1. Would you order Met190, Met51 from fewest to most other beta-carbon atoms within 10 Å of each residue's own beta-carbon?
2. Distance in nm between label sites at Gln94 and Lys62, each 7 Å beyond Cα in the beta-carbon direction?
3. What are the ³J(HN,Hα) values, in whole Hz, obtained from phi via the Karplus relation 6.51 cos²θ - 1.76 cosθ + 1.60 with θ = phi - 60°, for each residue of segment 65-71 in sequence order, with x given for Gly and Pro?
4. Which of these values of Cα extents along the principal axes in Å was calculated from the structure shown: [x] 60, 50, 33; [y] 54, 51, 39; [z] 49, 45, 38?
5. Students often get this wrong: which residues of segment 1-38 have the backbone nitrogen under 20 Å from the point 7 angstrom along Cα-to-C-beta of Asp86?
6. Suppose the chain between Thr6 and Ala27 were pulled fully straight at 0.36 nm per residue; how much longer would it get relative to their current alpha carbon spacing?
7. Can you list residues from other chains, or at least 5 along the same chain, whose modelled amide H is less than 5 Å from the amide H of Leu77?
8. Hey, what do the phi angles of segment 269-284 turn into as Karplus ³J(HN,Hα) couplings, whole Hz, using 6.51/-1.76/1.60 and θ = phi - 60°, x for Gly and Pro?
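No lab work stands behind these numbers, since they all come straight from the coordinates. All values derive from a computational prediction rather than experimental measurement. Every residue, glycine as well, gets a Cβ built from its backbone with ideal geometry; the counts of neighbours run over all protein chains shown.
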Amino acid sequence: MTTQFTSSPLARTLSRLPSSSTHPPSATDVEAFRRAQRLAFDCAQACAAEMRVGWTEGRTAKWMFGYLHDHGVRSYLHKPIVAFGDRTVAHDDQWEPPRGPGLTLKEGDVVILDCAPVLEGYTGDIAYTLAVGEHPELDRARDFLTDLRAELPERIMDPATSATIFDWVDQQIRGAGFQNGAGGYGEHVMGHRVYRHGKFFTNHPASPPEKVFGYFPSWHSGGFLLNNVRRLVAPEVLNVNHRGLKTGVWAIEPHLRADGWGAKFEELLVVQPDRAYWLDDISQERIVIQP
């Protein structure tokens with residue numbers, strides 16, 4: 001499965017529109033985003049330690065909900081996404097939480113745990129890729145993602161690659177022998193901006209009803225969706241069309257496809273006028289699910 005990403009002149013123009021999201025975050029904001037991200041990673045690591053063969057995607061997502069609730073979270077950018085085996089590929093337009101029990105975990109499966117809690121108003125949107133037992137092919141993919149992650153801050157600051165950073169990442173993924181999984185996401189993104197939410201959307205998991213708005217909006221926070229719509233979406237998503245300013249806070253999530261499985265990382269990247277940096281290196285702690 002190879003997805004081709006087509007650029008739109010209108011979307012490129014809209015992505016350059018002024019947005020309050022491009023304001024550089026304060027030191028206080030950065031620390032608050034870091035706390036939210038750390039909680040999200042703690043959740044994924046704790047969940048991986050508990051998981052065993054026979055768990056379902058639905059059971060795993062419920063466990064993550066419970067952990068985050070016990071740690072003070074009442075709202076999310078999106079509900080936890082748990083994917084086992086073939087669902088980790090992120091087939092076109094199918095990256096979403098499991099419906100019902102979902103798939104059952106088997107020995108050798110690749111697993112992606114993706115959660116986005118809102119803590120004290122700040123979003124921590126992360127993803128971990130791991131496997132049940134040893135998985136040499138996944139190790140190679142994670143080595144590639146580690147190298148990509150190391151280079152991204154410099155590339156996003158370089159005028160030669162900043163405007164077309166999606167194209168650069170796409171070329172790196174394909175050049176390494178993988179396929180780009182961005183086609184699995186709404187707007188075919190490899191990243192999106194994250195926000196500080198007000199009290200209502202911090203304390204209430206308000207999501208649009210599926211029967212009225214469809215499944216995609218139903219697993220996202222109303223606060224996140226309203227922020228996107230209010231800013232006309234294009235400046236807020238990092239896809240093939242984005243040509244605007246990169247300053248602000250982004251959840252970066254390159255997703256690659258291999259043979260029957262996929263892998264990604266997701267974490268927050270802070271882009272200031274003079275530098276870009278990851279909040280920490282927790283995403284690089286490799287863990288496995290015990291078979």
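1. Details: Met190 28, Met51 21.
If I rank by nearby Cβ atoms, fewest first, I get Met51, Met190.
2. 2.4
3. Taking θ as phi minus 60°, the curve returns 3, x, 4, 5, 4, 5, 9 Hz for segment 65-71.
4. [z]
5. Inside the label zone: 1-3.
6. Numbers: separation 21, 0.36 × 21 = 7.56 nm, distance 3.72 nm.
So the extension gain works out to 3.8 nm.
7. Here Ala116, Val118 satisfy the definition.
8. With the stated coefficients, segment 269-284 comes to 10, 8, 10, 9, x, 10, 6, 10, 7, 7, 5, 6, 10, 4, 4, 8 Hz.
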